[in-house]
Every structure is written in C-alpha cells, then in structure tokens.
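S.K.: I'd like to ask you about the structure that follows.
The values are calculated or read from the model by the stated rules, or taken from the named source; none is laboratory data. From a predicted model like this one, the values you see are computed outputs, not experimental measurements. Positions of Cβ are backbone-derived with ideal geometry, glycine not excepted, and every protein chain shown enters the neighbour counts. Accessible surface areas use protein heavy atoms only, side chains included; no ligands, DNA or RNA. Shrake-Rupley method; radii C 1.70, N 1.55, O 1.52, S 1.80 Å.
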Protein chains: 2
Amino acid sequence: MIQSRMVPWDHLTIMKRKVSNSKVLNVALKLFSSKGYSETKMVDIARDAGLSVGSLYLRFKNKEELCLDIIKDQTKDYFQRAEDLAKKADTDALKTLEDYISFSFDCSMKKQQMLHIFYREYRLPFIQPMRSHFFKTQQKLIESILKKGIKSKSIRPLNTKDAAISIFASIRGTIMIKLIYGVGSPSVLSKSLFDLICHGVRKGKP
Amino acid sequence: MIQSRMVPWDHLTIMKRKVSNSKVLNVALKLFSSKGYSETKMVDIARDAGLSVGSLYLRFKNKEELCLDIIKDQTKDYFQRAEDLAKKADTDALKTLEDYISFSFDCSMKKQQMLHIFYREYRLPFIQPMRSHFFKTQQKLIESILKKGIKSKSIRPLNTKDAAISIFASIRGTIMIKLIYGVGSPSVLSKSLFDLICHGVRKGKP
DNA sequence: CTTTAAAATGAACGATGGTTCATATGAATC
DNA sequence: GATTCATATGAACCATCGTTCATTTTAAAG
C-alpha cells in the first residue's frame, strides 16, 4: 500500500486514482479519431473519461503532449514486429512482401483510430517527426526485401529505391482510401494490391 | 461604364473594385496551402489581398464558401481533360494508363497548393462531397481503361474493380507522399509507378 | 480522530478569431 | 453641387476553448 503513495505511475498505482491514464488515452483517441484533433475539446475528453479538466492537466502537460502520448502508446511495438517480419526475406522475398502488405493492413485496421489522427490535419507540426521516422524506416525495410529478392532471383532487377517508394506509397494510399471512403474489405484490398505489385497488369512476360 | 454599376461579377466589372476576386482567391489559396485551413485567419487573407475583413464578407458568404470557391476554381477543367484522355484506350490501353498516371502527376504538381487543402485536415465536412465525387469518377475511368485493355489483350484478365481501386490508391498515395515528404522528382515517381503497375516486381512470366 | 499530501474540482482568465454593422468613400448621374 | 449606391472600412461583438489556480475531497499513516 505504501507504493500507491510513492509511485505515481499508472500501472503501479493501486486504486488511488479514480480513472486510469490508459482509460484517458483511450477516450481521447476515440474523440480525436472521430472528431479530429482541433475539434476535440479538453472538456470533452475530461467528461468522457469521467474526470475534470483540471485533473487532465495534472496528468498531461497540455493537449499536444496528450496527443503524442496516444501515438506513442499505439505504435510502441509496430516497428519491432515489422523488422522481425522483414528478416524472413532471405528465404522467400515475394512471400515476405505479401506478408508485409498484409501486416500493414492488419495493423492499420486495428489502429485505424490512431491513423485518423495522422491523415486528418496532416501537418500538425508536432506530429511531423513521427511521420517522417515512419516513412524512412518503412521505405528502407521494403528496399531490403526487394534487394534480397533480386539476389535470390525471385524479383526482377529494378531500381530498389524508386520501387520501394512506389510500393510504400501504394500501400499507404490504399489504406488511406479504405479509411476515408470505407470501400472494400481489408483482406481483398490487401490481396489485390499484392497481386498488382507482384504481377502488374500487363499480359505476357516482362 | 454602365456595366460597372449593374453587374457585380468580377470579369465584367471595369475597375470599380480595388481588388479582383481572383486575386483574393489566389491569395487565400496560398495561405490555406501553406498554413492550413483553420490556421489561416480571415484577417490574414484580407491583409494579403489588400482589403478589409468587411469587404471579404461582401464577396464571400463566409470562410467555408471562400474555400469551396477556391476548389471549384482550381478543378474546373480537370474532369473533362481526364475523360478525353481515357477515350484513347481503344487504341492502346497501356499507353493510355501511362498517360493517365503522368497526367495525374502533372495536374497534382500544378495544383499542389489546392491539394494541400485536401490532404490536410482531410475531413473538413464541407469538402467531403467533392472528394467523394473525385474518387468515384476516377475509379470508373481507370476501370474503363482496364476493360478496354483486356478486350484488346494488352492487359491480362483481372478483377477490374479491385484493380482500379488499387491503381487509383497507388497514384494518390504516391502523390501524397510527394507532397508531404517532397521526395523524388514527379517524372521519376510517375515513371517508376507506371513501371510497377505495368510489370510488377516478379521475375518471369505471370 | 488528526494529520498529510496526493488527487480532483470547475469557475475564472485570457487569447483567439469568425462575423457584423454603423460609418465612410468615391465614381457615376443629374 | 447634390444625389445615389456599390464598395470599403475596422472596431466591436460574441462565442469558443486551452489553461490555471484557489479550494475541496480522499484515503493512507500515525
């Protein structure tokens, strides 16, 4: 019981706080994703979480930091999982590419609330660094899969850098379309995108 | 000279107004695209255009309508040009697809200021109808190119609806990446995307 | 029961910015 | 010069939040 006085961190606190921090983050995520960042008011978050505005400011420095905390919370294990997945490209690059695309879709669907924050108001300045980091790592990751595929001859020789950008853009574009317009099922979109990226539309051999 | 009293429309008014409407639209476009819709204040637009706030409200009902007027102004002949282009698919579907992609890139680069409005704050409710219309028409257009290509055997048989969505998403995704991160030259991106869509990454015949 | 301090409260503050309106300007007409 | 009316002005109005802070509540410790 001493701990509840000494450590303020959420997961160690034993029922001193009425409402847990993760509850607040979830509520805020829901609001940001449904109404947008600037349309979501601090009072809304407080009300929905069952707290007062004042309490919010005891836990988060301000609105921006609250938003950043959400994003950190939502992305914490994505990068490692993507990295692990890419390692398999030594064995079968095309299969790895397929897995990566389907993994991207899965994650995006699970985290679509968070993605709404990214796609809306896409230049909220404090989000830019995270977006940039995501782009760079994923582009390099796709490039590494392509290189391995070319080496093992399952992928035709091509400019890996340009192709990686195109593939990354295609994946993110499709996810964006899905999120904005709600068309198509994720699995069909994912499958049909891989089919396109893998074979192209042209008839006959390349 | 009588006209200047009788018709308030911009292009017919002979120097009664200090500042033309199209000047205002251009100034506002510049501000919206560089700072974002909600970060752009009506006073900013007024100042940069060399007008008072009051005058702005004599010309545009409110901020939203001003923004819509900009978009209408910027997109007025896009749709017809895209339609005309697609007609050529009877002759050579692959070439038409290539042209469509490069046309999309060209337009997007010329109108990138306007696109910033679309990609930022992407759910400004009053913009949704326009976005939706764009998606539907372009998807149908791509689908029609694919169908013609399949008929004339330059394109392999595939689910044209799914493929059209993937292709549309890839194009828009690539343009978005270009606008957000500024990576790559438009012509290289366009070329490399067509290469991907046309051939895919796989080695050997499909 | 008293003390203590973390946690919670919400009214009040202050800055912001879209919109309005009473007033002014100026060019055309008589 | 007087009249008229489109155009222009910008201070003022009003609503909207993000943020703060003096005060209260809660519950563990003594």
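S.K.: For B:Thr137, what accessible area in Å² do you get when you roll a 1.4 Å probe over the heavy atoms of the protein chains, rounding to the nearest 10?
M.R.: Here the residue's solvent-accessible area equals roughly 40 Å².
S.K.: Treating the angle as unsigned and between 0 and 90°, give the value, to the nearest 10°, between the Cα long axis of helix B:160-181 and the longest Cα principal axis of chain B.
M.R.: Helix B:160-181 sits roughly 50 degrees off the main axis of chain B.
S.K.: Here is a follow-up. Can you list the copy-to-copy distances for A:Ser185, using a point 7 angstrom from Cα toward Cβ, in nanometres, shortest first?
M.R.: Its label point is 4.4 nm from the equivalent points in the other copies.
S.K.: For B:Asp84, what charge total do you get from the other residues with a beta carbon under 14 Å from its beta carbon, if Lys and Arg give +1 and Asp and Glu give -1?
M.R.: Its environment carries a net charge of -1.
S.K.: Further question on the same structure: Could you give the size of the charge dipole of the protein assembly as shown about its Cα centre, using +1 on the Cβ of each K and R and -1 on the Cβ of each D and E, expressed in debye and rounded to the nearest 20?
M.R.: The calculation lands at about 300 debye.
S.K.: Here is a follow-up. Which distances, in nm and shortest first, link the B:Gly54 label point to the same label point in every other copy, taking 7 Å along Cα→Cβ?
M.R.: Nearest to farthest, the other copies are at 4.5 nm.
S.K.: Listed here are the pairs B:Lys18/B:Lys63; A:Lys41/A:Lys178; B:Lys111/B:Lys140; A:Lys30/A:Lys72; which of them are more than 18 Å apart at the Cα?
M.R.: Long pairs (Cα-Cα over 18 Å): B:Lys18/B:Lys63; A:Lys41/A:Lys178; B:Lys111/B:Lys140.
S.K.: Here is a further query. For A:Gln128 and B:Asn159, what does the FRET efficiency come to when R0 = 45 Å and r is the distance between their Cβ atoms, rounded to the nearest 0.05?
M.R.: 0.75
S.K.: Could you name the residue in chain A with the C-beta closest to the rotation axis that superposes chain A on chain B, along with the separation in whole Å?
M.R.: A:Gly173, 1
S.K.: Next question. When all protein chains stay in place, what accessible area (Å², nearest 10, 1.4 Å probe) is found for B:Ser52?
M.R.: 60 Å²
S.K.: Under a Cβ-only charge scheme (Lys and Arg +1, Asp and Glu -1), can you give me the dipole magnitude of segment B:77-199 about the Cα centre, in debye to the nearest 20?
M.R.: Dipole of segment B:77-199, to the nearest 20 debye: 220 debye.
S.K.: Lys/Arg Cβ at +1, Asp/Glu Cβ at -1, dipole of the protein assembly as shown taken about the Cα centre: which of B:Phe135, A:Thr40, B:Leu66 is farthest positive-ward?
M.R.: B:Phe135
S.K.: Which is farthest toward the positive dipole end of the protein assembly as shown among B:Pro157, B:Gln112, A:Cys107, measuring Cα position about the Cα centre, with Cβ charges +1 (Lys, Arg) and -1 (Asp, Glu)?
M.R.: Sorting the options by dipole projection puts first B:Pro157.
S.K.: Output the 0 to 90 degree angle, nearest 10, between the alpha-carbon long axis of helix B:78-87 and the longest principal axis computed from the alpha carbons of chain B.
M.R.: In chain B, helix B:78-87 runs at an angle near 20 degrees to the longest axis.
S.K.: Where does chain B land at 222 nm, in deg cm²/dmol rounded to the nearest 500, when only DSSP H runs of n ≥ 4 count, each adding -39500 (n - 2.57), divided by all residues?
M.R.: Result for chain B: -22000 deg cm²/dmol, rounded to the nearest 500.
S.K.: Same structure again: Nearest 10 degrees is fine. How inclined is helix B:186-199 to the longest principal axis of chain B, computing both from alpha carbons?
M.R.: Here the helix axis deviates by roughly 30 degrees.
S.K.: How large is the charge dipole for chain A, taken about the Cα centre, if only the Cβ atoms of Lys, Arg (+1) and Asp, Glu (-1) carry charge, to the nearest 20 debye?
M.R.: Details: 37 positive and 20 negative charges, 40 e Å.
It works out to roughly 200 debye.
S.K.: Measuring nothing but label to label, 7 Å from Cα along Cα→Cβ, what are B:Tyr78's distances to the other copies in nm, shortest first?
M.R.: 2.7
S.K.: Rounded to the nearest 0.05, what FRET efficiency do B:Lys140 and A:Lys72 have when you use their Cβ-Cβ distance and R0 = 35 Å?
M.R.: Here the calculated transfer efficiency is 0.25.
S.K.: What do you get for trypsin sites (Lys or Arg not before Pro) in segment A:14-114 restricted to DSSP loop and a cutoff of at most 14 other Cβ within 10 Å of the site's Cβ? Display every interim value, and only then the final one.
M.R.: Details: sites: A:Lys16, A:Arg17, A:Lys18, A:Lys23, A:Lys30, A:Lys35, A:Lys41, A:Arg47, A:Arg59, A:Lys61, A:Lys63, A:Lys72, A:Lys76, A:Arg81, A:Lys87, A:Lys88, A:Lys95, A:Lys110, A:Lys111; in loops: A:Lys16, A:Arg17, A:Lys18, A:Lys41, A:Lys61, A:Lys76, A:Lys111.
Passing sites in segment A:14-114 are A:Lys16, A:Lys18, A:Lys41, A:Lys61, A:Lys76.
S.K.: Residues with beta-carbon under 12 Å from that of B:Ile71, excluding B:Ile71: net charge, scoring Lys, Arg +1 and Asp, Glu -1?
M.R.: 0
S.K.: Once you list every other residue whose beta carbon is under 13 Å from the beta carbon of B:Arg172, what net charge do they have if Lys and Arg are +1 and Asp and Glu are -1?
M.R.: +4
S.K.: If ligands, DNA and RNA are left out, what is the accessible area of B:Asp99 with a 1.4 Å probe, given in Å² to the nearest 10?
M.R.: Surface open to solvent at B:Asp99 totals about 50 Å².
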